[in-house]
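Worksheet for the structure shown next.
Derivation of every value follows stated rules applied to the coordinates shown; laboratory data play no part. Keep in mind that this is a model prediction, so the values were computed, not measured. Positions of Cβ are generated from backbone atoms using ideal geometry, with glycine treated the same way; all protein chains shown enter the neighbour counts.
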Amino acid sequence: MRLSHFQAMLLFAFVISLAFALLAKHRIGERVKYALWTLLAFLLIAVAIGWLMYPLSR
Amino acid sequence: MAEKQQLEKQAGDNPARAGLVAVAAWLVPGLGHLILRKWGRAAIYFLAVGALAVTGLALRGNIFSVTSDDPFGFLGFLADLGAGVFYFISKFLEMGGPDVSRAAGDYGTRFFATAGVLNLLCVLDAHEIARGRKP
């Protein structure tokens, strides 16, 4: 199986966000909101950390 | 508070049944919720844990054994074991062994460990529902 770094991160973030939303919240509206926020936070923080580490890779 | 007491009353005080639900939930991800008739959650937990475990295996991550020498390896084993039936299937299949020389293989190790830890959270959730502490 071949996955790019971004695809692996996207899959991981999506699955974990979905599961966390179901575990943490009880109403459907709250779950959808929580899952979307968590997914967004996963992606934004990972990309931000990636850019912060960029100078170190050179 | 009143809602919590009502849930506990409905579930009845049956720790043995809650224990059995927890064991079933560990063995097959989502089975605990299925027993408790939480169909949607059961399906999503099974798919979530299954997706992480199968991806981890397909990326040729390291699936730890109990015979691991270092303490971190033993912790990895405990995390992997949390995936229940997926751990035993992965040990049975052993698709060419781990390959952590590439980043993908290392990701695979993390994916599988996360599947196990996530399933343990689902086990706790099923146990709490069975005890009437959660809706």
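For A:TYR54, B:TYR107, what ranking results if the residue with the fewest other Cβ atoms within 10 Å of its Cβ goes first?
On the way: A:TYR54 9, B:TYR107 22.
Ranking A:TYR54, B:TYR107 by Cβ neighbours within 10 Å, fewest first, gives A:TYR54, B:TYR107.
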Problem - Among B:LEU52, B:LEU78, B:LEU31: highest mean-square fluctuation, GNM of chain B, C-alpha pairs under 10 Å - result: B:LEU78
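Under the definition of partner shielding as Cβ atoms of other protein chains within 10 Å of a residue Cβ, what is the mean value for peptide B:120-131? Spell out each step's value before the answer.
Values: counts 0, 3, 3, 0, 1, 4, 0, 0, 0, 0, 0, 0.
That average works out to 1.
Order the peptides B:80-89, A:1-10 from the highest to the lowest mean number of other Cβ atoms within 10 Å of their residues. Before the final figure, lay out the partial values.
Working: B:80-89: 20.9, A:1-10: 13.3.
Top to bottom by mean Cβ count within 10 Å: B:80-89, A:1-10.
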Problem - Dipole magnitude of the protein assembly as shown, debye to nearest 20 (Cβ charges: Lys/Arg +1, Asp/Glu -1, about Cα centre) - result: 680 debye
Exercise for the section: Report, in deg cm²/dmol and to the nearest 500, the calculated mean residue ellipticity at 222 nm for chain A, where each DSSP H run with n ≥ 4 adds -39500 (n - 2.57) and the sum is divided by the residue count. Expected result: -28000 deg cm²/dmol
Practice task
Please determine, in degrees from 0 to 90 and to the nearest 10, the orientation of helix A:5-24 with respect to the longest principal axis defined by the Cα atoms of chain A, where the helix direction is its Cα long axis.
Solution key: 20 degrees
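Helix by helix, which DSSP H runs in chain B go 20 Å or more along their axis at the Cα atoms and have an average Kyte-Doolittle hydropathy of 1.6 or more?
The answer is none, since no helix passes both cut-offs.
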Exercise for the section: Within a 10 angstrom radius of each residue's Cβ in A:8-18, how many Cβ atoms of other chains show up on average? Whole number is fine. Expected result: 4
Practice task
Obtain the nm distance between the two label points defined at B:VAL85 and B:ASP13 by a simple spin-label model: each point lies 7 Å from its Cα along the Cα-to-C-beta direction.
Solution key: 3.5 nm
Fill in the blank from the handout: Candidates B:GLY61, B:GLY50, B:GLY73; GNM for chain B (alpha-carbon contacts under 10 Å) flags as most fluctuating B:GLY73
Exercise for the section: Just grab the label-to-label distance for A:GLN7 and A:LYS25, each label 7 Å out from Cα along the Cβ direction, in nm (one decimal). Expected result: 3.0 nm
Practice task
Among B:VAL117, B:LEU78, B:HIS33, flag the residue with its Cα farthest along the positive direction of the charge dipole of chain B, charges on Cβ as +1 for Lys/Arg and -1 for Asp/Glu.
Solution key: B:HIS33
